1. Go through 75, 119 for me and flag whichever is under 18 Å from residue 16 (Cβ atoms), surrounded by fewer than 22 Cβ atoms within 10 Å (Cβ to Cβ) and among the aliphatic types (A, V, I, L, M).
2. Could you say whether any residue in the range 131-141 is outside any helix (DSSP H, G or I) and among the β-branched types (Val, Ile, Thr)?
3. Quick one: what pairs do we get from the range 46-63, first residue in the same structural domain as residue 102 (by TED's automatic domain parsing) and farther than 16 Å from residue 141 by Cβ, second at pLDDT below 90 and among the hydroxyl-bearing types (Ser, Thr, Tyr), C-beta under 6 Å, 6+ apart or different chains?
4. Filtering the range 172-217 down to residues that are of a type in the set (Ser, Thr, Tyr) and assigned to a loop (DSSP other than H, G, I, E, B), which residue is surrounded by the most Cβ atoms within 10 Å (Cβ to Cβ)?
5. Report, ordered by the first and then the second residue, all pairs with beta carbons closer than 8 Å, sequence separation of six or more or different chains, a first member in the range 16-27 that is surrounded by fewer than 20 Cβ atoms within 10 Å (Cβ to Cβ), and a second member that is in a loop (DSSP other than H, G, I, E, B) and modelled with pLDDT under 95.
6. Only one of (1) outside the structural domain of residue 204 (by TED's automatic domain parsing); (2) surrounded by fewer than 20 Cβ atoms within 10 Å (Cβ to Cβ); (3) within 25 Å of residue 189 (Cα to Cα) is not met by residue 169, so which one is it?
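The values are calculated or read from the model by the stated rules, or taken from the named source; none is laboratory data. These numbers come from a predicted model, not from an experiment. Positions of Cβ are backbone-derived with ideal geometry, glycine not excepted, and every protein chain shown enters the neighbour counts.
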Amino acid sequence: MIYKNSTQPHRIGLVVIDNDPIPELEIRPTDDGNVSVVASRFLLNRAPGEIYLGEGHQAVVPPEMQEALEQLDRIGVDAVGLCFTSSSVFAPATFDRLFVDAAQRVNDQWIVATAARSIVDALASVGSTRPFLVAPPWFSNETIHAVTDYLGHHGISYSGWHRYQLGPEWADIRQQDLFDHGAGWDIDPSALISQVVERIPTVSDAVLVPGSGFRSANAQEKLQDLTNVPVISANMALKQTLFAAETPVVRR
């Protein structure tokens, strides 16, 4: 049971990039009404054609993220999760902590998690040290390398990686702009399964899907059956972290 000492529904707030519809499709309220989910969005300062390389060496979270946190406080949630792994992976030693600190300055009663750190915890929970990385089609080489560096920072290697391949109708759009053009809606679970099954190295002990905007929950069960290893995704890992919290919350 979520929050054993509470008689109220557990209210989860998601911080999501402004054009990403996928987290709410995968991090859903429970059917029994014990968990509700709301989202607050922030605008990413990335020009068309620009390759996102993180937030640099800032000592604070971007003001747009800060505003999203303050909105969730006004809504009245009791746990917060960041559905944007890229900020974390480009600053593996600092950003997760910065986000948690920023959120708890807004409300020190919140339980706070990031999708990236939840991935690390989920991999540890299944004993994975050599996951096969399956990247969204819009992840640049720089982002993929940042993901592997982030894993390495947390003591996790990887067995290889594959970037999901979209159909030929997307060929004329720059890779870094695919998501802005709606590619998040065009992930075929059957294609995802076949691409992974064809390429996963035999030494892999998990499949890792790191992008919050990369829908994979609808392929997870079959993919696990066919590969015989756990499938860990950004959204499902964050959901596991936030839904499993058992620390009572002081409600205002």
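1. Details: 119 fails: surrounded by fewer than 22 Cβ atoms within 10 Å (Cβ to Cβ).
Among 75, 119, only 75 is under 18 Å from residue 16 (Cβ atoms), surrounded by fewer than 22 Cβ atoms within 10 Å (Cβ to Cβ) and among the aliphatic types (A, V, I, L, M).
2. If we filter the range 131-141 for residues that are outside any helix (DSSP H, G or I), which is where we start, we get 131-140.
Checking the rest, the ones that are also among the β-branched types (Val, Ile, Thr) come to 134.
Yes.
3. Pairs that qualify, where the first residue is in the same structural domain as residue 102 (by TED's automatic domain parsing) and farther than 16 Å from residue 141 by Cβ and the partner is at pLDDT below 90 and among the hydroxyl-bearing types (Ser, Thr, Tyr), are 46/52.
4. Let us first name the residues in the range 172-217 that are of a type in the set (Ser, Thr, Tyr), namely 190, 194, 202, 204, 212, 216.
Retained after the next criterion (residues that are assigned to a loop (DSSP other than H, G, I, E, B)): 202, 204, 212, 216.
Numbers: 202: 5, 204: 21, 212: 28, 216: 26.
Step by step, filter the range 172-217, then rank; the result is 212.
5. Every condition considered, the pairs that remain are 18/43; 18/44.
6. That leaves (1) as the condition not met.
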